[in-house]
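What follows is calculated from the coordinates using simple rules that are stated; it is not laboratory data. These numbers were taken from a predicted model, which means no experiment stands behind them. Every residue, glycine as well, gets a Cβ built from its backbone with ideal geometry; the counts of neighbours run over all protein chains shown.
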């Protein structure tokens with residue numbers, strides 16, 4: 001994932017289309033399973049190559065977390081205060097299927 005913002009000029013955040021859904025805020029109870037999921041993903045893609053028609057292996061399906069964030073019933077302002085220093089709020093999310101091509105705007 002690439003974070004091109006927020007900048008003072010546009011408060012934007014860029015995420016490549018391959019990275020959608022790969023950033024999650026999860027309760028700590030999921031740490032061991034998340035680490036195991038990372039190991040499984042590395043193993044799954046260890047021999048992946050890009051061929052004439054795309055990737056040569058099937059997609060890796062990220063396991064469902066044991067405890068969903070919604071189950072913790074944490075108020076949104078509290079979540080924002082915890083993750084704000086790492087994931088600053090942006091007014092615009094930019095995305096694309098290429099790192100050099102035009103960006104699509106997803107308004108927040």
Rounded if a/c under 1.5, otherwise prolate or oblate - the range 12-107, Cα gyration tensor axes
oblate
Length-normalised contact order for the chain - Cα pairs under 8 Å, 6+ apart - percent:
36
Using a simple spin-label model with points 7 Å from Cα along the Cα→Cβ vector, what separation in nm is obtained for residue 68 and residue 98?
3.7
Given the rule -39500 (n - 2.57) for each run of at least 4 DSSP H residues, summed and divided by the residues of the chain, what is its mean residue ellipticity at 222 nm, to the nearest 500 deg cm²/dmol?
-6000 deg cm²/dmol
